[in-house]
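Contents: one structure, followed by commentary.
The values are calculated or read from the model by the stated rules, or taken from the named source; none is laboratory data. Only a predicted model underlies this, so the values are computations on that prediction, with no experimental measurement involved. Here the Cβ positions follow ideal geometry from the backbone for every residue, glycine too, while neighbour counts run over all protein chains shown.
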Amino acid sequence: METKVQSNLMVIISQIIVLMMVALVLWNILHRPPSQDKDIYPYLRSISPSLVIQCSQEYQAKKTVSWEDLLAIRSTLTEDIARPLIEQLQNSVAFVNLNWGTIPSQTVKTVTRHRKILLRYQFFTPGRYKFPVVGKTWYEDSFGSDREGGKRTHEGTDLFSPEGTPIINICQGRVEQLGWNRLGGERVGVRGDDGNYYYYAHLQVISPKLVKGKHIEKGEDIGRMGHTGDALTTPDHLHLGIELPNGQWLNPYPFLVVWQYWDKQGN
Ligand SMILES: [Zn+2]
């Protein structure tokens, strides 16, 4: 009798252990940060702003060719290989029906993959994002440069304008962070509808209209440029950071060049 009770107890205990293990595995799956395919950022980074601007002029001249098709082909193939393909697109041949001729199938796969990335990550798509500084500003590519004597690297782009210059929102989304932190000073963090996090730091003042957790439109007021936080002794600037959902910070510089160009074109 006693052994039967004991063995029943053993069964119950082992069932509880199995259930706990299943729950643990499920919890881990649910709380895992979204994975990011490794080729996405290297590809986006390989595209120069001048190529995007060249494609944009080509696109403006003949809007029958889709933007993603044009940029995917131009950013992957040399001019002489790209030309016959673009001619087909201009003659209304769909991307999926292109005659690739003697181009190796692996190269065709790469172009197709790049097109897919451009459709999903629309940083270079005309009019999709807004340049964050209103009026004249100066910035350079300083992503990855040393900060605090090599203790950390610069994970963004600094845009310099006079104190009080209006800062506007890049991508429609939700206000995720608002207020003071040690490095960023007066800062705003927006979770874009594209899933990415947009970080605006060193503001002189934050727009009083912003509410944490509330929706924010593209182009809506973020605040005014300043030098708060660890920028106290530096010239006034906006530190802009862009973080992918997996925690990887992107270099905003090439996107900024393109967004500024689009805004000037009135897109
Ligand atoms: Zn900075």
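Summary table
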read-out	value
Some residue of the range 6-22 being free of Cβ contacts under 8 Å to residues at least 24 places away in the same chain, outside any helix (DSSP H, G or I) and of a type in the set (A, V, I, L, M, F, W, C)	no
Filtered residue count, the range 174-195, keeping only those that are basic (Lys, Arg), touching a Leu at 6+ places or on another chain (Cβ under 9 Å) and assigned to a loop (DSSP other than H, G, I, E, B)	0
Residues within the range 152-168 that are more than 14 Å from the chain's Cα centre (by Cα) and either under 28 Å from LEU118 (Cβ atoms) or assigned to a loop (DSSP other than H, G, I, E, B) (or both), tallied	11
Test set (1) more than 16 Å from the ligand (Cβ to nearest atom); (2) assigned to a strand (DSSP E or B); (3) closer than 21 Å to TYR129 by Cβ; (4) not polar (S, T, N, Q) - CYS171 fails condition number	(2)
Selection within the range 212-260 - over 20 Å from ARG187 (Cα atoms) and surrounded by fewer than 17 Cβ atoms within 10 Å (Cβ to Cβ)	ASN246
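Results for (1) within 16 Å of the chain's Cα centre (by Cα); (2) more than 16 Å from the ligand (Cβ to nearest atom); (3) outside the structural domain of GLU155 (by TED's automatic domain parsing), shown as yes or no for each residue.
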| position | (1), (2), (3) |
| --- | --- |
| VAL190 | yes, yes, no |
| ASP193 | yes, yes, no |
| TYR200 | yes, no, no |
| GLN204 | no, no, no |
| LYS212 | no, yes, no |
| GLU220 | no, yes, no |
| ASP230 | no, no, no |
| HIS237 | no, no, no |
| GLU243 | yes, no, no |
